[in-house]
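Notes to accompany the following structure.
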Amino acid sequence: SYTTDTKSREENKNTLENLYSLSIDITKIRRLKEWVLLQEVAYVKEIAGILQEMGADETTVANIIERCPEAILHTPAEINSQRALWHLVCQNEKQLIKLIEQFPESFFTTEYQQNQKANILFFQELGLKNNIITRFLTSAPSIFYNPVEKNKNVIETLQRNYLNLGGSEANMKIWILKLLSQNPFILLNTSTAIEDNLEFLQKNDFTDQEVLQLLSKLKGFIFQLNSTTMQKSMLFSKNIFKCSDQELKQLVLKCPALLYYSVPVLEERLEGLLREGISLAQIRETPVVLELTTQIVQYRIKKLTALGYDIKSGNLESLNGTKKDFEATYGKIQSKKERPIFNPVAPLHIED
C-alpha cells in the first residue's frame, strides 16, 4: 500500500527530525528500507511512545525501528490492537517488548488481525500452551494469516487420518499437539496434499501402523512432500543399496530422510561418506547417518579420529544424533581412552 517510487519523491523532513530526536540511525533505515522515509504520513513519536509505555528504553526503541522501519507507518490504533492481541498469549508487557525487539516484523504485520485473533483462540481451544503459540507468532507468523477455517480443516484431516490408521482417540490430542509443536508449517499445506502423501505410502505397501510410525518420525515433513519426489528418492535408495522392496521399506522406517530428501541431496551425502572411507554396508546398517550434512559428518569423523577411534571398522552410531548427543558420545569415548589400564591403588598380586 506504500509507494516505492524513490526517484520523484523527497524524504519527509518531519519524519527525519522525529527519528533524529529518538537517536535512531537514519543511515541504517536508508540502507534497509529507504521508501519508508518518503511517505507523507508517519507516526514516529506515537509508535515510540507506545513502545516506551510498554517498558522499552531509548536503545530498545531505536533498535526496533532500525530493524523494522515500517513500524512507523502504522497508526497508533493498529499497534494498540496488535498489542492487545499478543497479550492473549503473553504474560506481561516485559515479555511482550522482549519479543517485539527480537521479532519486530512479526509484531508489526497488522493486516491480518481478525485471522490472527481467531487462530490464537483456536490454538488455545486445541490445547496448545501459550508459550508454544507465542513461538508460532514469532517464528511461523504466516500460519496466522490463514482464515481459521483453513487451519481447522487441516487439523481435522490429520485427526481423521490418525484414527483411520489405527491411532487411539486417547493419544490423538497429544499426537496432534506434538506434531504442531515440531512443525507448525504443516498448516500451510492443503488437506488434499496430506491425503495424497498418505495414499502414496499405503500404495507402497506400508501398513497402517508403519504409516503412523512414519508420520510421527517425519515431524510433519511428509506434508511438504509429493509422491513424485518420494518415488524418485526411494528408487535411488533401492538401486544404491541393492535391496528388495521389503528391505527398502525397513530402511525408510529406520531413516525417513530417505523419503524427504531429494536425490541430489542423498547423492551428495552418500559421496561424502564414501570419501571418508565408510562403506555402503555400514551406511545401510545405520542409514540415519544420511540425516547429517557432509560438513557435520566430516567434523565429527575428524574429532573421533583424533581420539584414535577408527570409524571405518566400527558402526556409525557414534556419528549420529544432535550436537548434544554427539558431544555425549564423544565424551564417553574420550574418558574411556584416558582411563588408566590398571588401578594404581589396588594391591598387586605377585607370585613368589
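The values are calculated or read from the model by the stated rules, or taken from the named source; none is laboratory data. From a predicted model like this one, the values you see are computed outputs, not experimental measurements. With ideal geometry, Cβ positions are generated from the backbone for all residues, glycine too; neighbour counts draw on all protein chains shown. These accessible areas exclude ligands, DNA and RNA; they are computed on the full protein's heavy atoms, side chains included. Shrake-Rupley method; radii C 1.70, N 1.55, O 1.52, S 1.80 Å.
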Open item on the list: Restricting to segment 200-219, count the residues that are under 14 Å from residue 259 (Cβ atoms), surrounded by fewer than 16 Cβ atoms within 10 Å (Cβ to Cβ) and free of Cβ contacts under 8 Å to residues at least 40 places away in the same chain.
Closed with: 2
Task: Residue in segment 270-279 that is surrounded by fewer than 18 Cβ atoms within 10 Å (Cβ to Cβ), assigned to a helix (DSSP H, G or I), within 23 Å of the chain's Cα centre (by Cα) and hydrophobic (A, V, I, L, M, F, W, C) present - done: no
TODO: Those residues that are closer than 24 Å to residue 104 by Cβ and surrounded by 14 or more Cβ atoms within 10 Å (Cβ to Cβ), I need them from segment 125-138; list them, please.
DONE: 128, 130, 132, 133, 134, 135, 136, 137, 138
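Here's the yes/no breakdown for (1) hydroxyl-bearing (Ser, Thr, Tyr); (2) open to solvent by less than 30 Å² (accessible area, probe 1.4 Å):
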residue	(1), (2)
58	no, no
76	no, no
85	no, yes
101	no, no
144	no, yes
150	no, no
168	yes, no
Open item on the list: If residue 307 satisfies all but one of (1) closer than 20 Å to residue 321 by Cα; (2) in contact with a helix residue (DSSP H, G or I) (Cβ under 8 Å, 6 or more places away or on another chain); (3) open to solvent by 60 Å² or more (accessible area, probe 1.4 Å); (4) at pLDDT below 90, what's the number of the condition it fails?
Closed with: (3)
Task: Any pair with Cβ under 9 angstrom, 6 or more apart, that starts in segment 314-325 at a residue that is free of Cβ contacts under 8 Å to residues at least 40 places away in the same chain and ends at one that is open to solvent by 30 Å² or more (accessible area, probe 1.4 Å) and not in a helix (DSSP H, G or I) - done: 318/309
Task: Hits in segment 316-342 (condition: open to solvent by 100 Å² or more (accessible area, probe 1.4 Å) and under 26 Å from the mean Cα position of the chain (by Cα)) - done: 317, 323, 324
TODO: Test each condition in (1) open to solvent by 60 Å² or more (accessible area, probe 1.4 Å); (2) part of a helix (DSSP H, G or I) for residue 116 and report the one that comes out false.
DONE: (1)
Open item on the list: I'd like to check something: does segment 35-50 contain any residue that is closer than 27 Å to residue 143 by Cβ and surrounded by fewer than 15 Cβ atoms within 10 Å (Cβ to Cβ)?
Closed with: no
TODO: Taking the residues in segment 10-30 that are open to solvent by 70 Å² or more (accessible area, probe 1.4 Å) and part of a loop (DSSP other than H, G, I, E, B) as candidates, determine which candidate is modelled with the highest pLDDT.
DONE: 23
TODO: Six or more apart or on different chains, Cβ under 8 Å: which pairs go from a residue in segment 48-60 that's farther than 14 Å from residue 72 by Cβ to one that's among the polar types (S, T, N, Q)? Could you list them?
DONE: 58/23
Task: Condition check for residue 313: modelled with pLDDT of 85 or more and either surrounded by 13 or more Cβ atoms within 10 Å (Cβ to Cβ) or polar (S, T, N, Q) (or both) - done: no
Task: Yes/no for residue 71 being modelled with pLDDT of 95 or more, hydrophobic (A, V, I, L, M, F, W, C) and buried (at least 19 other Cβ atoms within 10 Å of the Cβ) - done: yes
Task: Residue tally, condition closer than 18 Å to residue 20 by Cβ and either touching a Ser or Thr at 6+ places or on another chain (Cβ under 8 Å) or outside any helix (DSSP H, G or I) (or both), over segment 60-106 - done: 2
Task: Qualifying residue in segment 236-256 (condition: open to solvent by 60 Å² or more (accessible area, probe 1.4 Å) and outside any helix (DSSP H, G or I)) - done: yes
